[in-house]
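Structure first, commentary second.
No lab work stands behind these numbers, since they all come straight from the coordinates. All values derive from a computational prediction rather than experimental measurement. Cβ placement follows ideal geometry from the backbone for every residue including glycine, while neighbour counts extend to all protein chains displayed.
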Amino acid sequence: MKKRSKLMVTTTALLLLITLSLVIYSINLKEELMDKDVQIASLKDRLNDEQEKLDNQQKPSLVTALGVSIEPRNNTPYPHPHFTFEGYVFNVGNRTAFNSRLEISAFYKNGGYSAFNMTIPLGDLGRYQVVQVSKIIATSDWIGNFSIIPLCEDKS
């Protein structure tokens with residue numbers, strides 16, 4: 001009977017030891033799984049960030065190289081108040097810039113009142129396409145401040 005009792009105690013101890021080992025192993029596996037889930041979430045966030053950067057690089061993007069004149073110049077055929085701009089608009093994006101345009105606002109030098117707001121349509125500019133622009137606008141007084149904003153639409 002002592003042998004049997006010792007065998008039962010030994011077997012029970014061995015089963016408890018194996019069970020405890022399996023519980024500890026299971027806890028370690030769960031912790032590893034949680035670490036992997038955190039890594040996966042971090043990688044998904046990074047992938048989303050990179051995808052957003054790539055999408056932004058693919059979008060159409062207009063860049064201007066414009067010269068603007070708002071002051072009278074000697075030896076010019078436009079000595080009266082005017083607003084002149086000329087230069088180029090580039091689509092440096094990888095997709096077509098639909099309905100490309102320049103939105104122009106100008107304000108008089110004396111008083112800061114609005115001189116004009118206008119839109120210069122440029123059409124659809126393909127990838128890396130350049131368009132030349134040139135316009136002289138006669139005004140009733142000299143221009144002080146102005147803004148020229150290139151705009152377009154991305155239909156993809």
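Quick look at the values:
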read-out: Cα long-axis angle, helix 2-58 against the chain (0 to 90 degrees, to the nearest 10); value: 10
read-out: Cα lying deepest toward the dipole's positive end in the chain, options ILE24, THR139, ALA115, charges on Cβ; value: ILE24
read-out: Interchain or long-range residues, amide H under 5 Å from LYS109's placed H; value: TRP142, ILE143, GLY144
read-out: From phi via Karplus (6.51, -1.76, 1.60), per-residue ³J(HN,Hα) for the range 141-153 in Hz, x at Gly/Pro; value: 8, 6, 7, x, 10, 7, 9, 10, 10, x, 10, 7, 10
read-out: Cleavage-rule hits (chymotrypsin sites (Phe, Trp or Tyr not before Pro)) in the range 28-136: DSSP loop, at most 10 neighbouring Cβ within 10 angstrom; value: TYR113, TYR128
read-out: Estimated dipole of the range 1-58 in Debye, rounded to 20 [Cβ of Lys and Arg +1, of Asp and Glu -1, Cα centre]; value: 1140
read-out: For peptides 140-150, 15-25, sequence by mean Cβ density within 10 Å, most packed first; value: 140-150, 15-25
read-out: For the chain, calculated [θ]222 nm from helices alone, where every DSSP H run of n ≥ 4 adds -39500 (n - 2.57); value: -14000 deg cm²/dmol
read-out: Lysine pair count for the chain [Cα-Cα under 27 Å; pairs on different chains or 8 or more apart]; value: 9
read-out: Amide H within-cut-off set for THR139, under 5 Å, with H built and near neighbours excluded; value: HIS82, PHE83
read-out: Unit charges on C-beta of K, R, D, E only; dipole of the range 62-153, Debye; value: 120
read-out: Cβ charges +1 (Lys, Arg) and -1 (Asp, Glu), total dipole of the chain, debye; value: 1180
read-out: Cut-off under 5 Å, modelled amide H: who pairs with GLY93 long-range; value: SER61, TYR128
read-out: Simple label model, 7 Å out from Cα along Cβ direction - LYS36 to LEU22, nm; value: 2.1
read-out: Qualifying trypsin sites (Lys or Arg not before Pro) in the range 1-74, DSSP loop, other Cβ atoms within 10 Å at most 16; value: ARG73
read-out: Options [x] 15.1; [y] 8.7; [z] 17.3 - which one matches mean projected area of the Cα convex hull in nm² as calculated here; value: [z]
